[in-house]
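Down below is the structure, laid out as C-alpha cells.
The values are calculated or read from the model by the stated rules, or taken from the named source; none is laboratory data. Keep in mind that what you see is a predicted model, and the values were worked out from it rather than measured. Quick reminder, even Gly has a Cβ in these numbers, built from the backbone with ideal geometry, and neighbours come from all protein chains shown.
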Amino acid sequence: MNANMRAAMLMVLGMALFAIEDLFLKLLSGHLPVPQLLAMFGLLGWLLFSLLLRRRGRRFWTRDLLLLPVILRTLGELIGGFGFVAALALTDLSSTSAILQALPLALVLGGALFLGEQVGWRRWLSVLLGFAGVLMILRPGSDAFQPASLLALIGVAGLTLRDLVTRLVPAHVPSDQLSAAAYAMFVPGGVVLTLMGGQPVLIPEGGQLAQLVCAALIGGAGYAAMVAATRAGQASVIAPFRYARLVFALLIAAVVLGERPDGWTLAGAGLIAVAGAYAMWREARLGRRNARTSGIGLQRGPQP
C-alpha cells in the first residue's frame, strides 16, 4: 500500500468518525440546551487536547494565545460550533451536514475577498455551483424552507473565519494548542449564552454523559486520523476524500434517525460535494505547482 492510498484510508476513517460525532451531538441536542451542550463538550475537548500537549512536553497557556489571529480563530470556532450544533438541534442531520460541506467553497471566496488570493475562473465556477447547491437545500420562499437551516450558514461563516485566520497564525504555534484553545472558549461562551437566554441548567443523565464522552473521544480520534492523513499523502490526492463525511452523514441519518431527504436536498448535497471536492483538488494542485516552481527557482539561483 503506497502513502497516498494509506492517507486516503485515514481521511475516510476520520470523516466517518466525525459523522458519528455529529450523530451523538444531534442526539444530545434533543435533551440538553445547545449552550450547555457546547460548554460541556468544550470542557471535555479542552481536557483531551491539554493532555496531548502535556504528553508532548508543551503547555496549554502561553502568550501565543493572545495573538490577534489566534483570538480571531478561537472566535470563529465558537461561532461555527454554535451555528452547527444549533442547526443540528433544530433541523435534519442530513441537510445540516450537506450545508457544512460548503466550507471549502466559502474559503475560496473568503481567500479571494480578504486575503487577496488569486482565484481562476474554474474555482469561481465551482463556488457558484456549490452555493447553488446550498440554495437547492434551503429553497427560500418555498414551503420546504426552514429558517433554522440558516444557522448552518452561520456555522459555515464562523468556520470560514477560523480557517482563514489560521493561515495567519505563526508556524511555531502547535495545532494541538489551537484546538485546545478553541474547545476552551466553548466553556465561557456556553455559559454566557445560557445566561443571556435565561435557560435552566439541566443535569445530564448517565446515558447522556456517556454519549458526550463518546462524542469527545470519537471527535478527537477523527482529528488525529485527519492530521495523520494530511501528513502522509499528497494534498491534491486526499482532499476530495473529505467529502466522505457527507456520505457517512446521509447513511447515519437514514439508518439511525430515519431521515429521508427529498430529491432537491440530495441533488443539492451532490452538487456541493462535487464543486467543493474540485475546488479543494484544484487549490492543492496549484499549491504543489507553485511550491515546485519556487523550488526550481531556488535551485537555479538568481536569473540574469
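Assorted remarks:
- When restricted to residues that are touching a residue at least 40 places away in the same chain (Cβ under 8 Å), within 15 Å of D92 (Cβ to Cβ) and not acidic (D, E), the stretch 252-268 contains 9.
- Residues in the stretch 231-263 that are in a helix (DSSP H, G or I) and surrounded by fewer than 16 Cβ atoms within 10 Å (Cβ to Cβ): R231, L251, A254, V255, G263.
- Residues of the stretch 139-149 satisfying the condition of being assigned to a helix (DSSP H, G or I) and without any contact (Cβ under 8 Å) to a residue 24 or more places away in the chain: P147
- Residue in the stretch 114-136 that is exposed (fewer than 13 other Cβ atoms within 10 Å of the Cβ), out of contact with any helix residue (DSSP H, G or I) (no Cβ under 9 Å at 6 or more places or on another chain), modelled with pLDDT under 90 and part of a helix (DSSP H, G or I) present: yes
- Hits in the stretch 48-72 (condition: surrounded by 14 or more Cβ atoms within 10 Å (Cβ to Cβ) and in a helix (DSSP H, G or I)): L48, F49, S50, L51, L52, L53, D64, L65, P69, V70, I71, L72
Each row is one residue, and each column tells you yes or no for (1) surrounded by fewer than 20 Cβ atoms within 10 Å (Cβ to Cβ); (2) more than 14 Å from L44 (Cβ to Cβ); (3) of a type in the set (G, A, S).
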| residue | (1), (2), (3) |
| --- | --- |
| S175 | yes, yes, yes |
| A181 | no, yes, yes |
| P200 | yes, yes, no |
| A221 | yes, no, yes |
